[in-house]
Amino acid sequence: MAVGEYVSVSSQRDAEQADVEREKGELACQPQDELNELAMIYVKRGLEKELAMKVAEQLSVRDRLGAHMRDELGIDQASLARPMQAAWVSAASFASFAIVPISALLVAPDGAGIPAIAAVSLVSLAVLGAFGGHLGGASLGRAALRVTLGGALAMAVTAAIGRLFDVSMG
Ligand SMILES: [Zn+2]
């Protein structure tokens, strides 16, 4: 699970890294073409041509590669995909999946085991989802909601299958 996460985020980052390298080469070989290209991007976003050229020039003085990454490639340097973090979150969720329900079962009063496991698992999923969203730069609430709903759905399916199995055994 964590390994899969590492591989998928790694390959995403490799692709982004390749784009950045290609952009570096273009900036070195054809600086004027690249400046015009950047200005055209701002024109398409609604700036007048002269203003777009001025914006492109000034942004290029400050951080030329950064401007091209952000506005041409849509890559934000601060949020370049981080495979190790994604793998850690994934590993942490997997571990908590095993530990949390078991401890819930141990402390829950007789007869309340299953609902207690479900409730505790969903809360831990929400926390992990928010944490993952935080690392990925996404909205905390939405990330937590998505992971929690996914977990609830998985539990519902598991319960339904369990019931089917019971019936066919009965
Ligand atoms: Zn460019």
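Computed values, structure above
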quantity	calculated
Any pair with Cβ under 6 angstrom, 6 or more apart, that starts in segment 22-37 at a residue that is closer than 22 Å to Lys54 by Cβ and ends at one that is more than 9 Å from the ligand (Cβ to nearest atom)	Leu35/Ala56
Residue satisfying condition, being modelled with pLDDT of 70 or more and of a type in the set (A, V, I, L, M, F, W, C), within set Leu164, Leu80	Leu164
Pairs with Cβ under 7 Å, 6+ apart, first in segment 55-75 and in contact (Cβ under 8 Å) with a residue 40 or more places away in the chain and under 17 Å from Gln32 (Cβ atoms), second more than 9 Å from the ligand (Cβ to nearest atom) and in a helix (DSSP H, G or I)	Leu65/Lys24
Criterion: within 30 Å of Arg82 (Cα to Cα), more than 14 Å from the ligand (Cβ to nearest atom) and not small (Gly, Ala, Ser) - qualifying residue of Glu16, Glu21, Glu26, Glu37	Glu16
Out of Asp19, Asp14, Asp33, sole residue that is surrounded by 15 or more Cβ atoms within 10 Å (Cβ to Cβ) and in a helix (DSSP H, G or I)	Asp19
Test: residue in segment 110-133 that is of a type in the set (D, E, K, R) and either at pLDDT 75 or above or assigned to a helix (DSSP H, G or I) (or both)	no
Selected residue (criterion: surrounded by the fewest Cβ atoms within 10 Å (Cβ to Cβ)) from residues of segment 56-74 that are of a type in the set (Gly, Ala, Ser) and within 11 Å of the ligand (Cβ to nearest atom)	Ser60
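For (1) modelled with pLDDT of 95 or more; (2) over 30 Å from Trp88 (Cα atoms); (3) in contact with a Ser or Thr (Cβ under 9 Å, 6 or more places away or on another chain), each residue gets a yes or a no:
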| position | (1), (2), (3) |
| --- | --- |
| Gly4 | no, no, yes |
| Val9 | no, no, no |
| Gln17 | no, no, no |
| Leu35 | yes, yes, yes |
| Tyr42 | yes, yes, no |
| Ala56 | yes, yes, no |
| Arg62 | no, yes, no |
| Gly66 | no, no, no |
| Gly74 | no, no, no |
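The values are calculated or read from the model by the stated rules, or taken from the named source; none is laboratory data. Because the structure is predicted, anything quoted here is derived from the model rather than measured. With ideal geometry, Cβ positions are generated from the backbone for all residues, glycine too; neighbour counts draw on all protein chains shown.
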